[in-house]
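> Handing you this structure, nothing more for now.
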Amino acid sequence: MKSKMTLGVVVLVAALVGWFFFFKQPKPTTETPTPAPVPEKQEAPKKEQVPPAPVTTEAPKPEVVSTPEAAPAPKEDESTDPDAKKIVAEFSSGEKITLKDVKKVFSSLPTQLQETGLEKIYEPLLNRLVDTRILLDAARKAGIDKNLEVLKRIAEAQEALIQKSYLDKEIEKLVTDAVLQEKYQELLKMIPKDQMEIKLSHILIKTKEEAADILKQLKAGTKFETLLEKSLDTESKEKGGDLGYVRKEELPKDFAELAFKAEKGSVVTEAMKIGEVGYSVIRVDDKRPVTPPEFKKVRDEIFKAVSPEYAVKVIEKLRADSGVKKTGLDGKPLVEKTPEQRKAEAEAEAKGEKTSDQPSVDLKTLEDNMVVAEFKDGEKVKIADLKESMISLPPQLKEVPFDKVFEPLLNRVIDMKLISAEARKAGMDKDPAVLKKIADAKEALTQKFYLEQEVAKLITPDMINAKYQQLLKMMPKNEMEIRLRHILVKSKEDALKVMKALKSGASFEEMVKTYSVDDQSKANNGDLGYVRRNDLPKEFADKVFKAAKATLLPEAIQVGDVGYSIVRVEDKRAIEPPKLEEARAELTKVISAELSVKVLADLRKQVTVKKFDLNGQPLVEKAAAAAPTAPAAAPSAQPAPATTEPKAPTAAPAA
């Protein structure tokens, strides 16, 4: 529902708010699960003895090469591992969860969560494992693990995992610690020297009126600790309301301004609304400069950030060594293009110029058995393979004329086949670690499909309409958005030179072409697209939203160490609420997340399970309505297991 920003405007915004470091790093996606109550008297599920083996099915082939049967992953010797003998959950059917299972999940969490210690998040992790077993058992009873669509997804996931494992292994050979240290030093230079973070405590109250009363009492001299007894957040209440340290960008923009202006030891003058949970009355306990993270703590994140660049190198080498012969839609041989040629084509495409030499065709008129590529071993790629590959494209790409996507699509199919072949030569399809990932993916996809199926039965048109009306009420009235263009230059001197030229009548387009170092926006004449006030830092937003349409900002904006941005306001327009059909997919996702909780809660009522703490004592369930522990970055409230489908590598240069 929010207007999308190009890379240029994201860079500009991130630097202006002073946290360019985290813009460059991908955020971890693993979330701490939420504890879930388990009723005392139910009937436990019976465990099916399914070995942790990869998928060997006659499901329809994925778009990549078909996967031959692989041997089951070897079972680990648990006889000497005390954690494997320590039972932390037991179903009445006899199925057990051990401390080793919990520690395995814990070790896969982001470093930040692991640093909190297993003791603090043990119960949510255990509940997540219990919920996973409950869902998997229900899915198998429903025959989901034999569903043809599920088998197809599993086959695709298996192939993608084998490909990804090979790519990861090859990337690790190229990305040394020296490379990562160099990137780390670059990131350190981008962190503003005066970046601050504040330590917060809060009292969570249900209504705005109650929060106002709390603020009034605090102003009158009542101690924060006395009023803390009223807090709905039981977990933080046990720690004096402590929420830990947060940075400015981790809070809603308007509230962040108030919180960071507040003196140390004072209470923020307004309560912060936390969705449907309530209102948070916050005290600022401490302020300190942000300390850059140690290399070892961010090493893995930096590795993830640079991996796509090195994946391209691995794939380009495979292409160069493959000897694949490609044929165009006109029957003539296709010549492999260099990265520079592809970049030039992308820039020309953005300007609306013709870039493809392929004749315009209707995909429906092409014969499925038409050969468009042939490998040295005689394997062929046909139009039918490209049609199959198109199924996974985003909707907007499916609407693009086939001749425009033909070469990237062909390269993608070829790349996947090359990676699969090399992965098998390297024995990745028999690697125990890969086989374990495949077994986990099989279970995750089975659970996910079951949950989707059960939720779909519950969604009604009335639910979607009601959620749409909620959305309309939440949208601000008379909100505007503006379209920006910019020229990014390296130095202040260059910025002054460009500003002077523009004020003397020089063409903005020519200045972009000559001086801008932002390649992505440069291909679009510096266009950054439409942005809203909340997308920008307050100081910057005030300047651009006050500027008239077709106006150049009088001064260049410094963008961290990247350079200086000369910004022009191109257009202003009122934001129209989305039509119901436009919002339907997103609304359905929101409703699905809510109903997933209900489906799982209903399943729990059919299960009896005994749970134990780290000392082996029976675990007493906490109240189901426990409040979030922090207003800034509360963990996911959805108790469903991790069900992200593995995706095929997307680093192919032409894709």
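> For Ala423, are the conditions met, namely being of a type in the set (A, V, I, L, M, F, W, C), within 19 Å of Gly331 (Cβ to Cβ), crowded, with 18+ Cβ neighbours inside 10 Å and in the same structural domain as Glu345 (by TED's automatic domain parsing)?
It is false that Ala423 is of a type in the set (A, V, I, L, M, F, W, C), within 19 Å of Gly331 (Cβ to Cβ), crowded, with 18+ Cβ neighbours inside 10 Å and in the same structural domain as Glu345 (by TED's automatic domain parsing).
> Next question, about the same structure. List the number of the failed condition for Glu510; all other conditions in (1) of a type in the set (Asp, Glu); (2) out of contact with any strand residue (DSSP E or B) (no Cβ under 9 Å at 6 or more places or on another chain); (3) buried (at least 20 other Cβ atoms within 10 Å of the Cβ) hold.
(3)
> Output the qualifying pairs, or none if there are none: Cβ atoms under 7 angstrom, residues six or more apart or on different chains, first residue in segment 226-252 and on the phi < 0 side of the Ramachandran plot and assigned by TED's automatic domain parsing to the domain that holds Lys273, second residue in a helix (DSSP H, G or I) and of a type in the set (Phe, Trp, Tyr).
Between residues of segment 226-252 that are on the phi < 0 side of the Ramachandran plot and assigned by TED's automatic domain parsing to the domain that holds Lys273 and residues that are in a helix (DSSP H, G or I) and of a type in the set (Phe, Trp, Tyr), the close pairs are Lys248/Phe260.
> Among (1) of a type outside the set (Ser, Thr, Tyr); (2) part of a helix (DSSP H, G or I); (3) touching a residue at least 24 places away in the same chain (Cβ under 8 Å); (4) not assigned by TED's automatic domain parsing to the domain that holds His486, where does Asp602 come up short?
All conditions are met except number (3).
> Then there's this: Only one residue in Val562, Val597 is of a type in the set (Val, Ile, Thr), in the same structural domain as Val498 (by TED's automatic domain parsing) and in contact (Cβ under 8 Å) with a residue 40 or more places away in the chain. Which one?
One residue alone meets the criteria, Val562.
> Another question, then. Quick check on Asp137: is it crowded, with 22+ Cβ neighbours inside 10 Å, in the same structural domain as Ser392 (by TED's automatic domain parsing) and more than 25 Å from the chain's Cα centre (by Cα)?
yes
> Collect the residues in segment 258-288 that are modelled with pLDDT under 85 and exposed (fewer than 15 other Cβ atoms within 10 Å of the Cβ), keeping them in residue-number order.
Answer for segment 258-288, where residues must be modelled with pLDDT under 85 and exposed (fewer than 15 other Cβ atoms within 10 Å of the Cβ): Gly275, Glu276.
Let's see how each residue does on (1) closer than 30 Å to His202 by Cα; (2) modelled with pLDDT under 50:
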| residue | (1), (2) |
| --- | --- |
| Glu582 | no, no |
| Glu586 | no, no |
| Val597 | yes, no |
| Ala625 | yes, yes |
| Pro631 | yes, yes |
| Pro635 | yes, yes |
| Thr643 | no, yes |
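> Can you name the residue in segment 390-439 that is of a type in the set (S, T, N, Q) and at pLDDT 90 or above and, of all such residues, is nearest to Asp101 (Cα to Cα)?
Residue satisfying both the conditions and the ranking: Ser420.
> Turning to a different aspect of this structure: Just checking, does segment 539-559 include any residue being of a type outside the set (Val, Ile, Thr), surrounded by fewer than 20 Cβ atoms within 10 Å (Cβ to Cβ) and within 26 Å of the chain's Cα centre (by Cα)?
no
> Follow-up question, since we're still on this one. If we scan segment 349-367, do we find a residue that is closer than 30 Å to Asn525 by Cβ, in a helix (DSSP H, G or I) and at pLDDT below 70?
yes
> List every residue pair whose Cβ atoms sit under 9 Å apart, with the two residues 6 or more apart in sequence or on different chains, where the first one lies in segment 359-388 and is assigned by TED's automatic domain parsing to the domain that holds Thr327 and the second, anywhere, is surrounded by 12 or more Cβ atoms within 10 Å (Cβ to Cβ) and polar (S, T, N, Q).
Taking only residues 6 or more apart or on different chains, the pairs are Met370/Thr327; Val371/Thr327; Val372/Thr327; Ala373/Thr327; Glu374/Thr327; Phe375/Ser322; Lys376/Ser322.
> Ok, one more. Can you tell me which residue in segment 357-411 is surrounded by the fewest Cβ atoms within 10 Å (Cβ to Cβ), limited to those that are more than 32 Å from the chain's Cα centre (by Cα) and of a type in the set (Val, Ile, Thr)?
Thr365
> If you don't mind, another one. From the residues in segment 560-569 that are crowded, with 19+ Cβ neighbours inside 10 Å and touching a Lys or Arg at 6+ places or on another chain (Cβ under 7 Å), which one is modelled with the lowest pLDDT?
Gly563
> How many of the residues in segment 460-519 are part of a loop (DSSP other than H, G, I, E, B) and at pLDDT 95 or above?
Looking only at that region, the number is 1.
> Continuing with the same structure: Does segment 169-188 contain at least one residue that is outside any helix (DSSP H, G or I) and outside the structural domain of Ile282 (by TED's automatic domain parsing)?
For segment 169-188, residues outside any helix (DSSP H, G or I) and outside the structural domain of Ile282 (by TED's automatic domain parsing): present.
> Determine whether segment 149-160 contains at least one residue that is within 30 Å of the chain's Cα centre (by Cα) and surrounded by fewer than 18 Cβ atoms within 10 Å (Cβ to Cβ).
Yes; the residues of segment 149-160 include at least one that is within 30 Å of the chain's Cα centre (by Cα) and surrounded by fewer than 18 Cβ atoms within 10 Å (Cβ to Cβ).
> Where residues in segment 110-131 are free of Cβ contacts under 8 Å to residues at least 60 places away in the same chain and in a loop (DSSP other than H, G, I, E, B), which of them is nearest to Pro618 (Cα to Cα)?
Gly117
> Do we find that Lys513 is closer than 28 Å to Glu345 by Cβ and in contact with a helix residue (DSSP H, G or I) (Cβ under 8 Å, 6 or more places away or on another chain) in this structure?
yes
> Restricting the search to segment 460-518, which residues are small (Gly, Ala, Ser) and farther than 21 Å from Tyr530 by Cα?
Correct list: Ala466, Ser491, Ala495, Ala501, Ser504, Gly505, Ala506, Ser507.
> Ok, one more. Of these, Met480, Met511, Met474, which one is touching a residue at least 60 places away in the same chain (Cβ under 8 Å), among the hydrophobic types (A, V, I, L, M, F, W, C) and out of contact with any Asp or Glu (no Cβ under 8 Å at 6 or more places or on another chain)?
Met480
> Looking only at residues in segment 426-460 that are surrounded by fewer than 20 Cβ atoms within 10 Å (Cβ to Cβ) and among the acidic types (Asp, Glu), which one is farthest from the chain's Cα centre (by Cα)?
Asp431
The values are calculated or read from the model by the stated rules, or taken from the named source; none is laboratory data. Quick caveat: nothing in here was measured; it's all calculated off a predicted structure. Note: ideal-geometry Cβ built from the backbone for every residue, glycine included; neighbour counts use all protein chains shown.
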